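Heads up, the thing below is written out as structure tokens.
The values are calculated or read from the model by the stated rules, or taken from the named source; none is laboratory data. Everything quoted here is computed from the prediction, not taken from an experiment. Cβ: placed from backbone, ideal geometry, glycine included. Neighbour counts: every protein chain shown.
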């Protein structure tokens, strides 16, 4: 049990920290576009209890991949603009991509400093690579068109003129949670997401091993 807690601690810190940034940015964008529901529900906050999803958190503890509580906003408050939900969800994706780029630049700096200063920076580099891999993977996972992930909301926002009913449907939400678990267990979904994430990580000379190694029980050695 102690070994499990030690193993999960850095992942939990990243999940909560990066997830908070993602949720806060989306809530801020929704608020700026006219929505008041995000503020009323406490999503305009750095308190993780306002953002954590019980099923997404459970998935993280079991499968090492999770999700935050779906962002609820009032389509009418957004002026019924079809592009508004797209901007809200894309802002969260952009936040994680920005963290990946910032981390990648730090990683390149560390690679340059290591021979220049003759310091052993492997531990710090591994931590930065963990951070970058998590953020890229988080983006890839959230872009899946599965209810109620941001990717699904992006798709619905493009296809439906008034998507509020789809966004608010708990039946669709429960279906999405069930589908995620089925796909993780019965399909090579994790391998596909790792492969897609690796394309971006290679731009900074990283492979993402510190984070992707968590998935070894599900996809074999990495």
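At-a-glance table
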item	result
Which listed residue is under 24 Å from residue 17 (Cβ atoms) and in a loop (DSSP other than H, G, I, E, B), from 144, 78, 97, 90	144
Test: residue 8 is at pLDDT 90 or above, over 18 Å from residue 144 (Cβ atoms) and crowded, with 21+ Cβ neighbours inside 10 Å	no
Residue within region 132-154 that is over 17 Å from the mean Cα position of the chain (by Cα) and within 27 Å of residue 24 (Cβ to Cβ) present	no
Scan of region 32-44 for residues that are part of a helix (DSSP H, G or I) and either farther than 17 Å from residue 94 by Cα or in contact with a strand residue (DSSP E or B) (Cβ under 6 Å, 6 or more places away or on another chain) (or both), ordered by number	37, 38, 39, 40
Leading residue by the ranking (surrounded by the fewest Cβ atoms within 10 Å (Cβ to Cβ)) among those in region 90-107 that are in contact with a helix residue (DSSP H, G or I) (Cβ under 6 Å, 6 or more places away or on another chain) and more than 16 Å from residue 15 (Cα to Cα)	106
For residue 117: the one exception among (1) more than 22 Å from residue 9 (Cβ to Cβ); (2) without any contact (Cβ under 8 Å) to a residue 60 or more places away in the chain; (3) touching a helix residue (DSSP H, G or I) at 6+ places or on another chain (Cβ under 7 Å)	(3)
Out of 207, 180, sole residue that is within 19 Å of the chain's Cα centre (by Cα), closer than 27 Å to residue 52 by Cα and either at pLDDT 90 or above or assigned to a helix (DSSP H, G or I) (or both)	180
Unique match (being within 13 Å of the chain's Cα centre (by Cα) and assigned to a loop (DSSP other than H, G, I, E, B)) among 16, 65	65
Options 195, 126; residue that is at pLDDT 90 or above, surrounded by fewer than 20 Cβ atoms within 10 Å (Cβ to Cβ), farther than 30 Å from residue 74 by Cβ and touching a helix residue (DSSP H, G or I) at 6+ places or on another chain (Cβ under 9 Å)	126
Scan of region 64-86 for residues that are farther than 19 Å from residue 155 by Cβ and either free of Cβ contacts under 8 Å to residues at least 40 places away in the same chain or buried (at least 18 other Cβ atoms within 10 Å of the Cβ) (or both), ordered by number	64, 65, 66, 69
In region 45-62, the residues that are assigned to a loop (DSSP other than H, G, I, E, B) and surrounded by fewer than 19 Cβ atoms within 10 Å (Cβ to Cβ)	45, 46, 47, 53
